[in-house]
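Encoded as structure tokens, the structure appears first; notes follow it.
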Amino acid sequence: MTYSQIWNNSGIEADIHYLEQQIQAVKKEKKRAEAAGLQEIVNQANHKLAELEAKLDELED
């Protein structure tokens with residue numbers, strides 16, 4: 001593997017890690033909103049979660 005390939009892969013790994021952290025944060029936010037009965041926030045969290053998971057799927061492919 002060349003240096004540039006290693007560099008690009010490390011960037012992808014960092015992006016994957018960041019997205020995984022963001023997914024966990026949104027899941028926590030969603031859980032809090034559900035507990036508080038805030039359906040609009042739950043809907044927004046579901047939308048954001050779907051976007052993040054789609055981005056993660058793209059990077060993992």
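For helix 39-60, report the angle its Cα long axis makes with the longest principal axis of the Cα atoms of the chain; keep it between 0 and 90° and round to the nearest 10°.
That helix lies at roughly 10 degrees to the long axis.
What does the convex hull of the Cα atoms come to per residue for the chain, in Å³?
55
Over the chain, calculate the relative contact order: mean separation of alpha carbon pairs under 8 Å at least 6 apart, over the residue count, as a percent.
About 40 percent, as a whole number.
By how many degrees, between 0 and 90 and to the nearest 10, does the Cα long axis of helix 3-36 differ from the longest principal axis of the chain?
10
Just subtract the alpha-carbon distance of K31 and N46 from 0.36 nm times their residue separation and send over the number in nm, one decimal.
Length difference between fully extended and current span is 4.3 nm.
Every read-out reported here was derived from the displayed coordinates using simple, explicitly stated rules and does not represent laboratory data. Model, not experiment: these values are computed from the prediction.
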